[in-house]
Amino acid sequence: MEKHQCFDDIVFEILTWLPAKSLMRFNSVSKAWNTLIRHNLNFAKSHIARSQARPTGSRLLFELDVVPDEEEYPATKEKNRGLEEFPLQQLAPHHYFYRKEMQICSNHCNGLVCLYSVKDTQVYLFNVTTGEIKALPFSMNEHPFCLGFDLVTEKYKLLHVFEKNNEDNRITKMRILTLGTKYSSWRILSMPSVISSSRCIYLKGVLYWAHFSRSYIFYFDLREEEFGVFSLPQEYSYFALLNDMQTALRGKLVMNCFNWKFEDTDWIYDELKRSFTKLKNSANREEEMFVFLESEKIDKSEKAHVLVTTPSVMNIVRDSTSLV
Amino acid sequence: MASTTETKQKKMLILKSADNDEFEIEESVGVQSETIKNLVEDGFTFVPLPNVYTKALIKIIDYLKKHANKTDSNDEEIKTFDKDFVNTTFDDLFELVSAANYLHISCLMNMLCQTIADRIKDKSPEAVRKIFHINCDYTPEEEAKIRKANAQAFEGQFDESLD
């Protein structure tokens, strides 16, 4: 039909509004749709931008490693099927792993997370929304990673804290690897001594760490590849805990700050104004989780080991991990 | 015929549809469309729209009129209007989305795309093909393979209906 001549553009627009899971299914509609969904990088970018702007579409709650009983989840018997093959493989049919065999070993970033296979020390990149998994071209000891995204070059970067034997001393070092580039290799970073491999949060091109008894938040700018610090709010400057759930919910860094008497309040950090505002009526955790679960209608388990993530489209995963 | 005192005060435009019907609208209503706005800025008052058919154009003019008079007080009324506006068949929605795309009316474009996406998100690929009038160009083997690769997205029941 002649009136549908620009229909490709319209299909592009319509599909950017769909959840990633629907897109995975609609790969099979036609070759043209498959090409658009899986191989068009502009489409992936538009989709991510759209997903993050939608209040209900922007977050997913997943449990990853709660598998109490093998009988209950026969699907997990296939658990190794998807892992051996390179490149991308779907894990069928649920996102369940045995904690003894597979562990989350990084923060989440754009819906991706690193997994660590206990058996063979292989590290994988896992798209929580779609279930795609890809082996990274190295194996590693048990130390966790920090996963971040450089908003300018649109590359994923991995930070790794490791210990090195130096004569009699063990020294802690940090290194960085850019994913999805042909000749990338680990580069040693000079890091503030207090940053450990402990939990970090990724938000808008920056990784954040909080440490016990430090009145600072440490951050790492993934574009500049430089560390920095900022102080906690004056009255609550003993130390802070970063709040993963609230941060994902609000798209702003949210932290629970303590004073010397161990009284605490929640604060939102504005990275542009570099200022804190007190978070009013912090919702209780259970309520938040309920909101998440309602909005995405996914399986819930009683004791959810939660991971908040944003849906990302699979070709971002593929392109940014096409390591040679 | 419509040359009342009111039309003399307000600048008017004439839109001509693909099936040669002409519609007179206020310029302030029309310029919500980027395409029309550009033409108006170049001095046009007669705007031929060879890609927009009368049926869609009538609805779109309705939409533009409603949204041109947007105030805080009629927010609810506009919401109801919008809801009603998108409550139609897929073919009508495609007709409207093509027109909105051609006319560059971004708020309408977003509303229509979001509506279509919401209505297809739980459907089966077969239903989506029929709705979009797409012929499957996969061989059965290819299709089976691609489905297998996306097995996780095929869990559960899907909506096979075409509305």
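Coordinate-derived values only; no laboratory data. Worth saying up front: this structure is predicted, and the values here are computed from it rather than measured. We place every Cβ from the backbone using ideal geometry, glycine too, and count neighbours over all the protein chains shown.
Observations on the structure shown:
- Prolate/oblate/rounded call for the stretch B:44-88, Cα gyration tensor, a/c under 1.5 rounded: oblate
- Given their separation in residues at 0.36 nm each and the Cα-Cα distance between them, A:Thr277 and A:Phe138 gain 45.8 nm when the chain is fully extended.
- Cα principal axis extents for the stretch B:13-115, largest first, Å: 35, 32, 19
- The stretch between B:Asp42 and B:Asn20, if pulled fully straight at 0.36 nm per residue, gains 5.7 nm over its current Cα-Cα span.
- Ascending count of other beta-carbon atoms within 10 Å, so fewest first, for B:Glu143, B:Glu41: B:Glu41, B:Glu143
- Mean residue ellipticity (222 nm) of chain B, computed from DSSP H runs ≥ 4 via -39,500 (n - 2.57), nearest 500: -16500 deg cm²/dmol
- For the stretch A:206-275, a Kirkwood hydrodynamic radius built from all Cα pairs, placed in the Stokes-Einstein relation at 37 °C and 0.692 mPa s, yields a translational diffusion coefficient of 268 µm²/s.
- The charge dipole of chain B, taken about the Cα centre with unit charges on the Cβ atoms of Lys, Arg (+1) and Asp, Glu (-1), comes to about 200 debye, rounded to the nearest 20.
- Counted by neighbouring Cβ atoms within 10 Å, the residues A:Leu279, A:Leu159 run from fewest to most as A:Leu279, A:Leu159.
- Ascending count of other beta-carbon atoms within 10 Å, so fewest first, for A:Cys257, A:Cys105, A:Cys146: A:Cys105, A:Cys257, A:Cys146
- What the phi angles of the stretch B:25-30 give under the Karplus curve with 6.51, -1.76 and 1.60, with θ = phi - 60°, is a coupling list of 9, 5, 4, 4, 6, x Hz, glycine and proline written as x.
- Remark on the stretch B:65-159: Rg and Dmax equal 17.7, 58 Å (Cα only).
- Under 5 Å, built H, 5+ apart or other chain: amide partners of A:Gly180: A:Ser322, A:Leu323
- Beta bridges per DSSP with both ends in chain B, % antiparallel, nearest 5: 55 percent
- Modelled spin-label separation between A:His39 and A:Arg199, with each label point placed 7 Å from Cα along the Cα-to-Cβ direction: 4.2 nm.
- Full-extension gain in nm, B:Asn135 to B:Asn74, via 0.36 nm per residue minus C-alpha separation: 17.6 nm
- Residues whose amide H falls under 5 Å from that of B:Val52, counting only those 5 or more places apart or on a different chain, are B:Ala18, with hydrogens built in the peptide plane.
- Separation of the B:Arg147 and B:His104 label points, Cα + 7 Å toward Cβ, nm: 4.3 nm
- Between A:Arg223 and B:Asp118, the FRET efficiency from the beta-carbon distance, with R0 = 45 Å, is close to 0.80.
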